[in-house]
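Report on the structure given below.
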Amino acid sequence: MDGYTETAVPAALHYDALWHLVTLGVLDADHAPRGWALSKPEKPTKVVVIDTSAAPDHPNLVDAIDRDLSLDFFSARLGSFPYLPEGQDQIGALPLDWTTTIADGLPRSSGLLAELVDRLSSGSAAHHLGVQPCVSPMFSAHGTNIAGLVGARPAIAQQALPGGGTADLPLPYSGVDPMCRIIQVSTNFDPAPESLILAFLYADLVGADVVLLPRVIADPVRTVPELDDIKIGDRSLGDMVRQVAPVEGEADLWSELAALIVAVSHRRPVVCAAGNAAEDGGIYPANLATDHNGIISVGAVNAKGQRSGFAPARGVTVAAPSNDAEIFDATEIRLDESAPDYDPIGVPVDNDNAKYSRFDVISTDVPGPAGYSGSSVPTDPVGAPIREFGSYFSRFGGTSAASALVAGFLSLGMSTGAMTGRSGVEAKGWLLGKCHAVGDPDAPLSMPCWDGKPTFPDA
Amino acid sequence: MGLHDILAANRFTVTPTGLLLNETSAQPVADPATAAGGGGALSVLALNRNRNRNRNRNRNRNRNRNRNRNRMLDAAPDGGLQEPWRERQKLHALADQWMALPLPPPPGLDGLRREAVDLLIKQALRRSPAESQRHEEIYREAGLELSGYLRPLGIEELGDYGATESLFYLILALTDEIGLRYKDRFGVLRPNQVEPRLRPLLPNPAHQSYPSNHSFQSFSVAFLFSRVLPEHPASAEMFVAARRIAENREWAGVHYASDTAAGYALARMVAPVLEQVCAEQMLAAQAEWL
């Protein structure tokens, strides 16, 4: 993109790229921390993100993503370490909780834990059995956006000047907790339970302080809506519409995964996206959240403080800032009247269009042509001066974005010492203590705010 | 400089065309700690909207705004119409009578998921002996085809009912356009976009789900024919045929029951308009029977 003049766009259409941090009360309007200060914690808060791979060389993420502990389960069954220095083909002595009891009572997971522990022992191959990790940054947009919302650091990069030479280029972007360390744990999206069990076991082994799962898990039985309770004759509907025969023993593994997620959540909060299709009660595994575990189901509010059009209305633990979606159905009519293709014909006068917000959440994106935002020039080589920074950021949203903000919020509570109890239930209690009612007064959502009351820039 | 000094001294602003660094762009940044006007030639760059945000992150966002493929009358068999441009002109002249009819909005996503479970049940029963006849009907009715309407009238293979057939084609052509406008307005995702476990028998048509055009068009034929020949013994049967055609789309997994109901409601409300637009053809059809 080129040829922009600064007066071309009315200022009212502009908004602060960090509005979500201001809304969460983490930064003030001048982007100074509200009631906390940056420090260099001796033991940084560890946020395990179970998602896609990320782009760890992004200038705002380069200090955020833990290159020693990030692990990819996409291609190698017991994981390959994707971000170790060039030429390092063995892992060192990893700081893991080797004696964890997290899989007690889960026989198959215990077997997997034993295999994983063995595979992670000092001197083991970085790439398990020589299998490459599947982590090209080009296909890491989701993980890169999530990582940025959690823990991006403001940075000074180098820009290539048009006439030659370089100059400093500030990249004033920050995640909620720019002190945390992100351990990126990536899996593939085959609906098979084993690699997710391994991912949650690994989250416990590394001693995660917060686990973030900004995605659905496609458990064939637990996918919402669940079909097994619907019977046709003496057969369940789930069984009748199943397209492939069940894998021997897999049902037990799926059940163990559900139990393992709950067990992991007792030791630290597990933050889950509640779903982007207004699923009542949330998607799996966000819908495992109860008062008695540390699973936190996260819904979304827009920049007007209204529930985002795509977000579940009920059954979420908390909500956090995100983008919005248009709705035109029996539940609500909320359309973007400023959209170029908006057509007022047939839109009832009595509508909720005023609740719609065009604001997106901005996050870090894969640099270059790949990712959610593209580029007209090839990707800058790692470490080389930046030719354009537009592709380094993108609009983001969904309950993915909201869940990442909540994970960062919990991490900030830990990094600053504001939160003392670290168990999942304690962390959830602390988070709820920070919450304010937002949205529809008849069906309010709880949104955390670090300091003061939440403010909404599009209201 | 500290991390927060970078935030304090600089700011990204989101604009409709991209991301702007420090509001104004004039000179390259010499000292980022103090340069409030920094950014240089790089200050505004692409912040593209994600092409697939709908599917991947935010399913409801673009409301499935696929456009209609041109699938009008070019496939019509012998006896079909040329493009009915005169009638379209009449129809458009009456636009304020049919563009914003009070069709109730579709169910929300939770309601659609509940209806999709009913479609999964239909899918499970599709091969049962009681329902297996539907397969052949579904494939036959996928395109523009009149036998479903002509057979109840007993004129399927008779040559003397050209005006009746032409009327039906005309109704199908005009209602197709009307239905597409309502589909575009509500932007409802097809059932298997909401419930991926569904396996439709047919590919999803390239437009949105609500209302069902098969339902709308079929019931429009039934309503209009019952104006032409209310005394015909098959007048009532035409509605049964229309409902069978509409419901077959549910059995095929490409429409919700609410789409079918909306198609019916729209057909009933549009009938007075079609009666004006198609008056000539209705009289011609009537003449074949009286």
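In this structure, does A:ALA147 turn out to be at pLDDT 95 or above, under 25 Å from A:HIS31 (Cα atoms) and away from chain B (no Cβ under 14 Å)? Spelling it out, A:ALA147 is indeed at pLDDT 95 or above, under 25 Å from A:HIS31 (Cα atoms) and away from chain B (no Cβ under 14 Å). In the set B:PRO233, B:PRO191, B:PRO211, only one residue is over 24 Å from B:TRP85 (Cβ atoms) and either of a type in the set (D, E, K, R) or modelled with pLDDT under 95 (or both); that residue is B:PRO233.
Scanning region A:207-219 for residues that are surrounded by fewer than 23 Cβ atoms within 10 Å (Cβ to Cβ) and over 18 Å from A:SER297 (Cβ atoms) yields a single hit, A:GLY207.
Flag: B:ILE171 matches the condition of being hydrophobic (A, V, I, L, M, F, W, C), assigned to a helix (DSSP H, G or I) and within 20 Å of the chain's Cα centre (by Cα). Residues of region A:239-292 that are charged (D, E, K, R) and either in contact with a Cys (Cβ under 6 Å, 6 or more places away or on another chain) or at pLDDT 95 or above (or both): A:ASP252, A:GLU256, A:ARG267, A:ARG268, A:ASP291.
For region A:136-151, the set of residues classified as crowded, with 24+ Cβ neighbours inside 10 Å and among the hydrophobic types (A, V, I, L, M, F, W, C) consists of A:ALA141, A:ILE146, A:ALA147, A:LEU149, A:VAL150, listed by residue number.
If you check A:PRO312 against the conditions, is it more than 10 Å from chain B (Cβ to nearest Cβ) and touching a residue at least 12 places away in the same chain (Cβ under 8 Å)? The answer is no for A:PRO312. Of the residues making up region A:248-280, those that are assigned to a loop (DSSP other than H, G, I, E, B), more than 30 Å from A:GLU326 (Cβ to Cβ) and in contact (Cβ under 8 Å) with a residue 12 or more places away in the chain are A:GLY249, A:ARG268, A:PRO269. For A:TYR342, the conditions (1) of a type in the set (Ser, Thr, Tyr); (2) within 13 Å of chain B (Cβ to nearest Cβ); (3) touching a residue at least 40 places away in the same chain (Cβ under 8 Å) are fulfilled apart from (3). If you go through region A:368-424 and keep only what is among the small types (Gly, Ala, Ser), without any contact (Cβ under 8 Å) to a residue 24 or more places away in the chain and touching a strand residue (DSSP E or B) at 6+ places or on another chain (Cβ under 6 Å), you end up with just A:SER373. In summary, A:ASN351 fulfils each of the numbered conditions (1) under 24 Å from A:HIS142 (Cβ atoms); (2) within 13 Å of another protein chain (Cβ to nearest Cβ); (3) in a loop (DSSP other than H, G, I, E, B); (4) modelled with pLDDT of 95 or more with the single exception of condition (1). Just need a number here: residues in region A:207-235 that are in contact with a strand residue (DSSP E or B) (Cβ under 8 Å, 6 or more places away or on another chain), within 12 Å of another protein chain (Cβ to nearest Cβ) and in contact (Cβ under 8 Å) with a residue 24 or more places away in the chain. Result for region A:207-235: 3. Here B:ARG197 meets the list (1) assigned to a helix (DSSP H, G or I); (2) buried (at least 18 other Cβ atoms within 10 Å of the Cβ) almost entirely, failing just condition (1). For region A:11-64, the set of residues classified as buried (at least 16 other Cβ atoms within 10 Å of the Cβ), of a type in the set (D, E, K, R) and either part of a strand (DSSP E or B) or modelled with pLDDT under 95 (or both) consists of A:ASP16, A:LYS46, A:ASP51, listed by residue number. When residues in region A:324-339 are screened for being in a loop (DSSP other than H, G, I, E, B) and at the interface with chain B (Cβ under 7 Å from one of its Cβ atoms), 5 of them pass.
With respect to the conditions (1) surrounded by fewer than 24 Cβ atoms within 10 Å (Cβ to Cβ); (2) over 22 Å from A:ASP219 (Cβ atoms); (3) within 14 Å of another protein chain (Cβ to nearest Cβ), A:GLY305 lacks only one, and its number is (3).
Taking the listed residues A:SER80, A:SER75, the one that is within 25 Å of the chain's Cα centre (by Cα), buried (at least 20 other Cβ atoms within 10 Å of the Cβ) and modelled with pLDDT of 95 or more is A:SER80, with no other qualifying.
The set of residues in region A:276-286 being within 14 Å of another protein chain (Cβ to nearest Cβ) and touching a helix residue (DSSP H, G or I) at 6+ places or on another chain (Cβ under 6 Å) consists of A:ASN276, A:ALA277, A:ALA278, A:ASP280, A:GLY281.
Taken together, B:ARG114, B:ARG127 contain a single residue that is within 21 Å of the chain's Cα centre (by Cα) and without any contact (Cβ under 8 Å) to a residue 24 or more places away in the chain, which is B:ARG114.
Picking from residues in region A:217-241 that are part of a strand (DSSP E or B) and of a type outside the set (D, E, K, R), the one that is farthest from B:ARG127 (Cα to Cα) is A:SER236.
Selection within region A:427-459: residues that are without any contact (Cβ under 8 Å) to a residue 12 or more places away in the chain and part of a helix (DSSP H, G or I). The member of this set that is nearest to A:GLY25 (Cα to Cα) is A:GLY433. Going by the structure shown, is A:ASP168 among the charged types (D, E, K, R) and in a strand (DSSP E or B)? So A:ASP168 fits the description; yes. When region B:136-170 is limited to residues that are crowded, with 18+ Cβ neighbours inside 10 Å and free of Cβ contacts under 8 Å to residues at least 60 places away in the same chain, the one that is nearest to B:PHE239 (Cα to Cα) turns out to be B:LEU150.
Against the test of being touching a Ser or Thr at 6+ places or on another chain (Cβ under 9 Å) and either crowded, with 24+ Cβ neighbours inside 10 Å or within 14 Å of chain B (Cβ to nearest Cβ) (or both), the options A:PRO162, A:PRO133, A:PRO154, A:PRO172 yield a single qualifying residue, A:PRO154. Out of A:SER403, A:SER411, one residue alone is modelled with pLDDT of 95 or more and more than 23 Å from A:SER357 (Cα to Cα). It is A:SER411.
The values are calculated or read from the model by the stated rules, or taken from the named source; none is laboratory data. Computed from a predicted model, the values in this text were never measured in an experiment. No Cβ is skipped: glycine too gets one built from the backbone with ideal geometry, and neighbour counts run over all protein chains shown.
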